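Trainee: Mind having a look at this structure? Questions to follow.
The values are calculated or read from the model by the stated rules, or taken from the named source; none is laboratory data. Computed from a predicted structure; not experimentally measured. Neighbour counts run over all protein chains shown; Cβ positions are idealised from the backbone, glycine included. We work out accessible area using only protein heavy atoms, side chains counted, and drop any ligands, DNA or RNA first. Shrake-Rupley method; radii C 1.70, N 1.55, O 1.52, S 1.80 Å.
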Amino acid sequence: MKLIVGLGNPEKKYEKTFHNLGFMCVDYAVNKLGETFSKTKCRAVISEFKIGREKVIFAKPQTYMNLSGESVRELLSFYKIDLSDLIVVYDDFDLEKGTIRIRESGSAGTHNGMRNIIELLGRTDFPRVRVGFKPDVPSRIPLIDLVLSGKRKKIKRFSIMR
């Protein structure tokens, strides 16, 4: 069984902000697989289905970004999922816009949602997918204002880094 968690904020006003790139990624994947988010469990909206013989759960915590770990910890416990079967997808200001970095483990960097997950799980050894949105030119607005702002330009191409 796999648990793929996209990080974001639940309110409509955050829907198209950079901080919701994790939600956008799991929405895209679930939609492409012909599924929907139809259940609520462990303070998250979820989509459960099988890919081949493997049960896959996509989740979007509804606890707000900075408390994402609460929902993730509950989901792992409820479904009895090992950390190696957890994948967290989230936005990353430190990566150039359009860059996707996949890592098997690591720190939270500057991301408060990941900090909360790591703090509550007490471990950093789980896979994560970071989606970059660093502006092409230096920004003069505070980081919190930038991450909660809307996407200004559609990202046309991605580069994947391991």
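Trainee: Within region 52-68, which residues are assigned to a strand (DSSP E or B) and among the charged types (D, E, K, R)?
Mentor: Glu54, Lys55, Lys60
Trainee: Still on this structure, I have one more. In region 49-67, how many are of a type in the set (Ser, Thr, Tyr) and exposed (fewer than 14 other Cβ atoms within 10 Å of the Cβ)?
Mentor: Of the residues in that region, 0 qualify.
For (1) touching a residue at least 12 places away in the same chain (Cβ under 8 Å); (2) more than 14 Å from Leu7 (Cα to Cα); (3) aromatic (Phe, Trp, Tyr), each residue gets a yes or a no:
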residue	(1), (2), (3)
Lys32	no, yes, no
Phe37	yes, yes, yes
Arg43	yes, no, no
Ala59	yes, no, no
Met65	yes, no, no
Glu70	yes, no, no
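Trainee: Quick check on my filter: what residues within region 69-96 are closer than 16 Å to Val129 by Cα, among the charged types (D, E, K, R), outside any helix (DSSP H, G or I) and open to solvent by 20 Å² or more (accessible area, probe 1.4 Å)?
Mentor: Passing the criteria: Asp94, Glu96.
Trainee: Across region 14-35, what is the total count of residues that are out of contact with any Asp or Glu (no Cβ under 9 Å at 6 or more places or on another chain), of a type outside the set (A, V, I, L, M, F, W, C) and under 14 Å from Glu48 (Cβ atoms)?
Mentor: The qualifying residues number 1.
Trainee: To continue, here is another question. Can you pull out the residues in region 110-134 that are in contact with a strand residue (DSSP E or B) (Cβ under 9 Å, 6 or more places away or on another chain) and more than 20 Å from Val26 (Cβ to Cβ)?
Mentor: Within region 110-134, Thr110, Lys134 qualify.
Trainee: Give the residue that is modelled with the lowest pLDDT, with candidates limited to residues of region 2-17 that are within 21 Å of Ile118 (Cα to Cα) and surrounded by fewer than 19 Cβ atoms within 10 Å (Cβ to Cβ).
Mentor: The residue in question is Pro10.
Trainee: Further question on the same structure: Hey, does region 70-89 have a residue that's among the hydroxyl-bearing types (Ser, Thr, Tyr), under 19 Å from Gly122 (Cα atoms) and under 12 Å from the mean Cα position of the chain (by Cα)?
Mentor: Looking for residues that are among the hydroxyl-bearing types (Ser, Thr, Tyr), under 19 Å from Gly122 (Cα atoms) and under 12 Å from the mean Cα position of the chain (by Cα), one finds none in region 70-89, hence no.
Trainee: Of the residues that sit in region 18-29 and are more than 16 Å from Gln62 (Cβ to Cβ) and either hydroxyl-bearing (Ser, Thr, Tyr) or out of contact with any helix residue (DSSP H, G or I) (no Cβ under 7 Å at 6 or more places or on another chain) (or both), which one is least open to solvent (accessible area, probe 1.4 Å)?
Mentor: Within region 18-29, the match that is least open to solvent (accessible area, probe 1.4 Å) is Leu21.
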